[in-house]
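Comments concern the structure below.
The values are calculated or read from the model by the stated rules, or taken from the named source; none is laboratory data. None of the values given here were measured: they were computed from a predicted structure. Ideal geometry is used to build each Cβ from the backbone, glycine not excepted, and the neighbour counts take in all protein chains shown. Each accessible area value is taken on the protein alone, full model and side chains, heavy atoms only, with ligands, DNA and RNA left out. Shrake-Rupley method; radii C 1.70, N 1.55, O 1.52, S 1.80 Å.
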Amino acid sequence: MVFAALQVCNIPGMADEGRRVEDEERGPGALYHMFVVMEDLLDKLKLLDYETEVLDKHNMKALSRHYFASSAYVPSNPGEQFYTFSILAAWLINKTGRAFEQPQEYDDPNATVSRILAELRAMGGQVDFPPSKLKSGSGEHVCYVLDRLAEEALKKKGFTWMKPSYPTEEMEEESLVEDDAELTLSKVEEGMTEELDDDDDENLIDLEALKLRTSQSEADRSSKPDEILESNIDAAEWNLEVERVLPQLKVTVRSDNKDWRIHVDQMHQHKDGIESSLKEAKGFLDKLQEEINRTLEKVGSREKYINNQLEHLVQEYRSAQSKLSEAREQYQQGSGGVTERTRILSEITEELEKVKQEMEEKGSSMSDGAPVVKIKQSLTKLKQEIIQMDIRIGVVEHTLLQAKLKEKSNMTRDMHATNIPEPAAGGY
């Protein structure tokens, strides 16, 4: 599950300081208010039958009373708590009648929180905290959101809280007949609590306390009016109650543990037991010590033998160790030169890459045929324009020639008209 996005980048000291100031402004009980809200939320979820519709469906364990409450004394698992929160929020929103897609394990937590808060605002809920408060999966804001959604789901279901009805208890007067030889259960319990020790499991009664209570009962009876009291209790029920209480009315006289003589006797008994146990254990310990000493001697002698046998190997190992140290020094010196040369090589490589890039750019610009194509197209267009221009020049020349010829013919005609002889005209 992708829970890495749940980590909020903040400074712990500043966050704790801000939370402490906020709690002091709201009051001393604000820190524990989320525990109360969480308990109410759990009751509302049970009313909505979340065990069957959520826990069994998603194979989840039941929520504890303080599951979403964040505290130093409550164990927390942010990833699991956030997933549970998203599942419950989606289920409650669907319970209110709104369509909400069930979140998956690998969904973005920010998107899931934004969708939940948008639905809460649409229901009229007040959201005056940043969405990052919900990504931890616990805290008062998580409890508030779920409680508000559960409240809306209960309203949609038509559930309303009724006022509690307290039963009226009627006090019944009971008349008890006290006799000299009668012991009531309450008096037996009081006598037992006065004399019972913490390590004793049996019910014991102090005889002195019984005598004192008997004298008190006689004094109380003497102050009562001398009237005959009749009991309206069935005899069979009385016998059954006596049989039920009879095993608890066992009277046992026990000695006082505070008596110093008993302590002295116990000390002597424990001393005798320790001495007898010491005699038996001392023999076993002596044997164990002898075996350990022999084993240590064998180990020491074997160690000396091994050292003598492996002396030449130890010398070889030391010489190899010294050679290894020298080789390491040479390696460190050589690695320093290699590092410097590697740096120079990287610089030269960068310069070479730059030169290659410039050469590629120039080569691509030289091998590019687009300018040549444009020149050819321009020449073709220019030739067409020249042909059109020649045609126009020819037309203009032809027009000029016709105009000159016409003008010349006119001049010739005029010249012939002026050359007519005048006598011929006067013969008429």
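Of the residues making up the stretch 344-381, those that are open to solvent by 90 Å² or more (accessible area, probe 1.4 Å) and polar (S, T, N, Q) are GLN357, SER367, GLN377. Given the criteria buried (at least 19 other Cβ atoms within 10 Å of the Cβ) and either of a type in the set (D, E, K, R) or in contact with a Ser or Thr (Cβ under 8 Å, 6 or more places away or on another chain) (or both), does SER86 qualify? It is true that SER86 is buried (at least 19 other Cβ atoms within 10 Å of the Cβ) and either of a type in the set (D, E, K, R) or in contact with a Ser or Thr (Cβ under 8 Å, 6 or more places away or on another chain) (or both). Summed over the stretch 116-133, residues that are basic (Lys, Arg) and farther than 14 Å from PHE82 by Cβ total 1. Quick one: would you say GLY334 is surrounded by 10 or more Cβ atoms within 10 Å (Cβ to Cβ) and within 51 Å of the chain's Cα centre (by Cα)? Here the answer is yes, as GLY334 does meet what is asked. Taken across the stretch 49-60, residues that are touching a Pro at 6+ places or on another chain (Cβ under 9 Å) and not hydrophobic (A, V, I, L, M, F, W, C) do not occur at all.
For the stretch 48-76, residues that are touching a residue at least 60 places away in the same chain (Cβ under 8 Å) and open to solvent by 40 Å² or more (accessible area, probe 1.4 Å) total 2. Can you name the residue in the stretch 109-136 that is of a type in the set (A, V, I, L, M) and touching a residue at least 12 places away in the same chain (Cβ under 8 Å) and is also nearest to PRO78 (Cα to Cα) among such residues? Among those residues, the one meeting the criterion is LEU134. The sole residue among ALA62, ALA69, ALA122, ALA90 that is among the small types (Gly, Ala, Ser), more than 17 Å from the chain's Cα centre (by Cα) and closer than 17 Å to VAL142 by Cα is ALA90. Number of residues in the stretch 61-112 that are part of a helix (DSSP H, G or I) and of a type outside the set (Val, Ile, Thr) equals 18. Within the stretch 115-137, the residues that satisfy the criterion of being under 18 Å from THR96 (Cβ atoms) and of a type in the set (Gly, Ala, Ser) are ALA118, ALA122, GLY124, GLY125. Of everything in the stretch 233-286 that is open to solvent by 100 Å² or more (accessible area, probe 1.4 Å), aliphatic (A, V, I, L, M) and modelled with pLDDT under 85, the residue that is nearest to the chain's Cα centre (by Cα) is LEU246.
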